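**Student:** Quick one: structure below, then a few questions.
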Amino acid sequence: SYISNIILLTQTFIWLGHVIALSSMYGTLESPNFPEPYPRQLELVWELSVPQGFRIRLDFSHFHLEPSYLCEYDRVTVQSDSELLGLFCGSESTDTESVPGNAIIKSSSNSLRVNFSSDFSDEDKYSGFRAHYTAEDIDECSEQSDEELVCDHFCHNFLGGFYCSCRHGYQLHHDNRTCSVHCSGAVYRERSGALRSPDFPGPYPKSSYCRFQIQVQPGFKVRLEFGPHFDVEDHPDAACPYDYVKVVSGSAELGLFCGSKSPGLIETNSSSVTVEFHSDDSGENLGWSLNYTTSGLSPGPTKCVPRPQTPPNAVLTPVQSEYSFTDHALFTCQSGLRSFQHVQITCLSDGSWSSSAPSCQGEDTHTEESVLLEVMTNI
Ligand SMILES: [Ca+2]
Ligand SMILES: [Ca+2]
Ligand SMILES: [Ca+2]
């Protein structure tokens with residue numbers, strides 16, 4: 001009749017496309033009029049959301065809908081993001097349809113969408129459903145995927161989140177996930193030495209940048225020799241996009257190195273060499289080591305000729321057959337019976353000495369004893 005059509009239209013208007021948003025940590029969902037039969041021709045949506053760091057756990061304590069093939073007539077669907085987690089109808093599971101039973105449905109994100117629809121007929125015998133949801137903490141530490149580690153070293157789960165920490169000697173990087181080391185600032189001034197990636201021969205730290213400077217005296221040149229064990233993350237098609245070792249001599253870049261082949265020997269022709277090492281936030285590679293040595297640029301470092309003459313009452317150290325640029329000569333003068341005076345001179349780049357050898361003569365008359373004796377005699 002006309003009147004009943006009006007009522008039907010009104011009911012349809014009320015329920016069609018109605019959305020209920022729930023954002024508390026737990027709650028209950030019921031079909032309209034529960035436990036009385038649900039209305040016909042309705043389309044009702046529950047949008048459940050909980051804070052980030054939580055998921056939604058949903059279970060049904062009662063379920064009784066009109067059965068139909070593939071739930072064509074009346075149905076409940078559960079979706080998380082775009083994934084369909086459940087399609088339910090009837091009052092018992094069959095080969096083609098299912099009821100929720102005791103199943104616990106978990107959302108993949110912090111939101112879940114439950115959709116209930118009924119068709120135009122046959123509602124009177126069915127009491128509908130009641131479901132319950134609760135927010136559940138995501139244990140990010142134990143649920144991490146193998147592809148990407150949540151934390152580089154240690155992971156700590158808490159309600160609604162997690163945090164990472166690092167082993168002693170490492171710092172948590174700005175990404176709050178990887179553990180890096182500070183390895184810049186060292187200046188190597190000795191004429192030979194060794195450099196290596198942090199933790200070598202173990203895997204080097206992630207998200208790190210090391211800058212090693214070798215600065216020997218002008219007049220020498222540095223020669224680098226990388227050890228045979230070289231393992232720096234590379235890429236088959238691009239030049240060291242992830243991790244790299246970079247050797248810079250003065251203003252010339254001598255190479256960007258990665259992969260598993262050692263760069264071997266590198267002659268720099270410079271007294272100042274910088275070795276940079278960069279690692280990205282992933283991978284387990286073992287790193288590198290190198291020894292450096294220096295040799296004089298031809299014709300070699302300037303020599304200071306003649307050798308310094310040792311004055312009387314003095315001892316010279318070290319005694320060498322020749323002295324070259326930057327070498328030191330130390331004179332120890334005996335200036336009293338128990339007191340000594342030290343004078344150090346340096347061989348300069350032009351072959352001269354920074355000052356002349358000291359004179360240690362004539363001072364042995366001013367011993368403490370003789371001064372004391374003079375004072376006593378005057379009394
Ligand atoms: Ca129906
Ligand atoms: Ca958590
Ligand atoms: Ca890497």
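**Student:** Out of Cys210, Cys179, Cys151, I need the residue that is over 30 Å from Pro100 (Cβ atoms) and within 16 Å of ligand 2 (Cβ to nearest atom). Which one?
**Tutor:** Cys151
**Student:** Oh, and also: Output the qualifying pairs, or none if there are none: Cβ atoms under 9 angstrom, residues six or more apart or on different chains, first residue in segment 278-289 and acidic (Asp, Glu), second residue within 16 Å of ligand 2 (Cβ to nearest atom).
**Tutor:** Here the result reads Asp281/Arg177, each pair linking segment 278-289 to a residue that is within 16 Å of ligand 2 (Cβ to nearest atom).
**Student:** Report, by residue number, each residue of segment 223-269 that is assigned to a loop (DSSP other than H, G, I, E, B), crowded, with 20+ Cβ neighbours inside 10 Å and of a type in the set (Ser, Thr, Tyr).
**Tutor:** Within segment 223-269, Thr268 is the sole residue that qualifies.
**Student:** Let me ask something else about it. Go through segment 129-139 residue by residue and tally those that are assigned to a loop (DSSP other than H, G, I, E, B) and in contact (Cβ under 8 Å) with a residue 24 or more places away in the chain.
**Tutor:** 1
**Student:** Something else now. In segment 73-98, which residues are aliphatic (A, V, I, L, M) and out of contact with any Cys (no Cβ under 9 Å at 6 or more places or on another chain)?
**Tutor:** Val78, Leu84, Leu85 - these are the residues of segment 73-98 that are aliphatic (A, V, I, L, M) and out of contact with any Cys (no Cβ under 9 Å at 6 or more places or on another chain).
**Student:** Being more than 16 Å from ligand 3 (Cβ to nearest atom) and either at pLDDT below 95 or more than 27 Å from the chain's Cα centre (by Cα) (or both) is the requirement here; does Glu147 meet it?
**Tutor:** Here the answer is no, as Glu147 does not meet what is asked.
The values are calculated or read from the model by the stated rules, or taken from the named source; none is laboratory data. All values derive from a computational prediction rather than experimental measurement. Cβ coordinates were reconstructed from backbone atoms using ideal geometry, including for glycine residues, and neighbour counts include every protein chain displayed.
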